[in-house]
1. Report, in debye and to the nearest 20, how large the dipole of the chain comes out about its Cα centre when Lys and Arg carry +1 and Asp and Glu carry -1 on their Cβ.
2. Among (1) 0.95; (2) 1.20; (3) 1.02, which one is Cα Rg over 2.2 N^0.38 Å computed from these coordinates?
3. Have a look at the DSSP beta bridges in the chain and tell me what percent are antiparallel, nearest 5.
4. If you only keep lysine pairs separated by 8 or more in sequence, or across chains, how many in the chain come under 20 Å at the Cα atoms?
5. Could you tell me how far the Cα centroid of the range 146-163 sits from the Cα centroid of the range 74-127, in Å?
6. For the chain, which DSSP H helices look membrane-span-like by this rule: Cα extent along the axis of 15 Å or more and mean Kyte-Doolittle of at least 0.5?
7. So for each of 151-157, 164-170 I average, over its residues, the number of other beta carbons within 10 Å; can you give me the resulting order with the highest mean first?
8. Order the peptides 99-107, 24-32 from the highest to the lowest mean number of other Cβ atoms within 10 Å of their residues.
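We did not get these values from a lab; they are worked out from the coordinates using the rules stated. What you see is a predicted model, and the numbers here were worked out from it, not measured in a lab. A quick note on method: Cβ atoms are made from the backbone with ideal geometry, for glycine too, and the neighbour counts reach across all protein chains shown.
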Amino acid sequence: MTAQTPAGVEDSVETAEEPSMEQALATPIVPQKLNAFVKGYMKREALALHKAGYKVETMRQGEIVIATIPTDKLFAPNDSVLLKNAGSLLRPFLPYFKVNGRFKVLLAIHTDDTGSDNYLTSLSEKRIVALYDYFDTNGLHTDSLTGYPMAANEPLKENSSRANRAENRRLEIYIIPDTGLIEEMKNSK
């Protein structure tokens, strides 16, 4: 996993150029004849995560599942160390790392706007590293895990109240069918 970070930030993060989040979300393209199979599979994944208590959305007409976790449940304020109970919230995502090449997983960490841009970017980057370390330690194949420190760039709501700021502080986990799952769907047709 590599996160997009400025030079000199966190030695454990590789600095190779990663695709933008938009590019990562656009690939791989599911062949039209497998679309229904992949969408059906991903719908079941979305329902399972929803039943487990996550806020879940889909994109690309149901091909990509997005689960959201408030970062207040994962990190103390202004901290990048995972809380002790954070593992219980992250553990349901470990199966996406069991088979190499089956899924791509993108992590997008968002903050509210409390602090300087540099501070919020640094906090987002450190939190991405902490999440990667968790998944790398507990998952099997994390080669397809990529982090995107979003800082305060994409708020859900105006940062005008405590409640709104709390909603803006979030981890979005994008689960994308990768070539391995597409091939499975092709072979099971």
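1. Roughly 1120 debye, rounded to the nearest 20.
2. (3)
3. Of those bridges, close to 75 percent are antiparallel.
4. Count of close lysine pairs: 24.
5. 13 Å
6. Answer set is empty.
7. Highest to lowest by the protection proxy: 164-170, 151-157.
8. The densest-packed peptide leads the list: 99-107, 24-32.
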